[in-house]
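Take a look at the structure below.
The values are calculated or read from the model by the stated rules, or taken from the named source; none is laboratory data. Please read all numbers here as calculations on a predicted model, not as lab measurements. Here the Cβ positions follow ideal geometry from the backbone for every residue, glycine too, while neighbour counts run over all protein chains shown.
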Amino acid sequence: MTSHRLNDFLIFFSIMFIIMIIHLRNRNMAEAVLVIDMLKDFVYGSLKCERAQRIIPSIKKLLNEARNKGVPVIYVGDAHLPKDPEISLWGPHAMKGTEGAKTIDEIAPTEKDFVLEKRTYSAFHETGLDLLLRQLNVKTVIITGLHTNICDRHTAADAYFRGYKIKIPEDCVDSFSEKDHIEGLEYLRRIYGAEITNSENIIKSWREKEART
Ligand code: ZN
């Protein structure tokens, strides 16, 4: 092999190696957006949360951008049966098949999205979410919706136990009070290593990722 040919070979090999690394990096960084309990009963109905209004525009923007970038959007909302444990604690809410269990019109799912039902605080508990995330090769879940210190927290716990990384855009989650929200965020960061960020930073990271590929 002449030194010329060896050079060509090394350049070719280097390029292939870089392409492989970029591919693996993108694959490892696969993300999905979870939308938790943004349902009519949670925003306007029996469990009305005034503060939920704040996060609707941010979630809407994040979801539109996710769909454009091919990031899966997965809705997981309550669809309760009367004997579910939460009903005695909170009263009937988001009962399966009722209007209150539907996603609010402002951020209704599109045909591209996935919609799962849950019967406990956690979006993972007996919902098939873990199987879906594995099929989509997702490694990082971006948790949005209600409430920072309740369903988002229990969903984060189950995500953490299953080895997913967690990102929380703080302008896309909320609770009944500022105190619950702030303490909820701190708990997610400290106990599950969640990255507390915002929707703008996440959208920026998707745009940068797209520019690199
Ligand atoms: Zn519930």
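This table checks each residue for (1) aromatic (F, W, Y); (2) over 17 Å from T144 (Cα atoms); (3) under 16 Å from the mean Cα position of the chain (by Cα); (4) not in a helix (DSSP H, G or I).
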position: F176; (1), (2), (3), (4): yes, no, no, yes
position: H181; (1), (2), (3), (4): no, no, no, no
position: E186; (1), (2), (3), (4): no, no, no, no
position: R189; (1), (2), (3), (4): no, no, yes, no
position: I196; (1), (2), (3), (4): no, no, yes, yes
position: I203; (1), (2), (3), (4): no, no, yes, no
position: W206; (1), (2), (3), (4): yes, no, yes, no
position: K209; (1), (2), (3), (4): no, yes, no, no
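With respect to the conditions (1) buried (at least 16 other Cβ atoms within 10 Å of the Cβ); (2) touching a residue at least 40 places away in the same chain (Cβ under 8 Å); (3) not in a helix (DSSP H, G or I), T120 lacks only one, and its number is (2).
The number of residues in the stretch 151-174 that are more than 18 Å from L63 (Cα to Cα) and outside any helix (DSSP H, G or I) comes to 4.
In the list E99, E50, which residue meets the criterion of being over 23 Å from R162 (Cα atoms), more than 13 Å from the ligand (Cβ to nearest atom), without any contact (Cβ under 8 Å) to a residue 60 or more places away in the chain and out of contact with any Lys or Arg (no Cβ under 8 Å at 6 or more places or on another chain)? Going through E99, E50 in turn, just one is over 23 Å from R162 (Cα atoms), more than 13 Å from the ligand (Cβ to nearest atom), without any contact (Cβ under 8 Å) to a residue 60 or more places away in the chain and out of contact with any Lys or Arg (no Cβ under 8 Å at 6 or more places or on another chain): E50. Restricting R189, R212, R134 to residues that are modelled with pLDDT under 95 and surrounded by fewer than 18 Cβ atoms within 10 Å (Cβ to Cβ) narrows the list to R212. For E106, the stated conditions hold: it is surrounded by fewer than 17 Cβ atoms within 10 Å (Cβ to Cβ) and in a helix (DSSP H, G or I). Scanning the stretch 105-132 for residues that are closer than 22 Å to R54 by Cβ and within 16 Å of the ligand (Cβ to nearest atom), we see that the one that is farthest from the chain's Cα centre (by Cα) is Y121. Picking from residues in the stretch 82-96 that are more than 24 Å from the chain's Cα centre (by Cα), assigned to a loop (DSSP other than H, G, I, E, B) and surrounded by 10 or more Cβ atoms within 10 Å (Cβ to Cβ), the one that is farthest from the ligand (Cβ to nearest atom) is P92.
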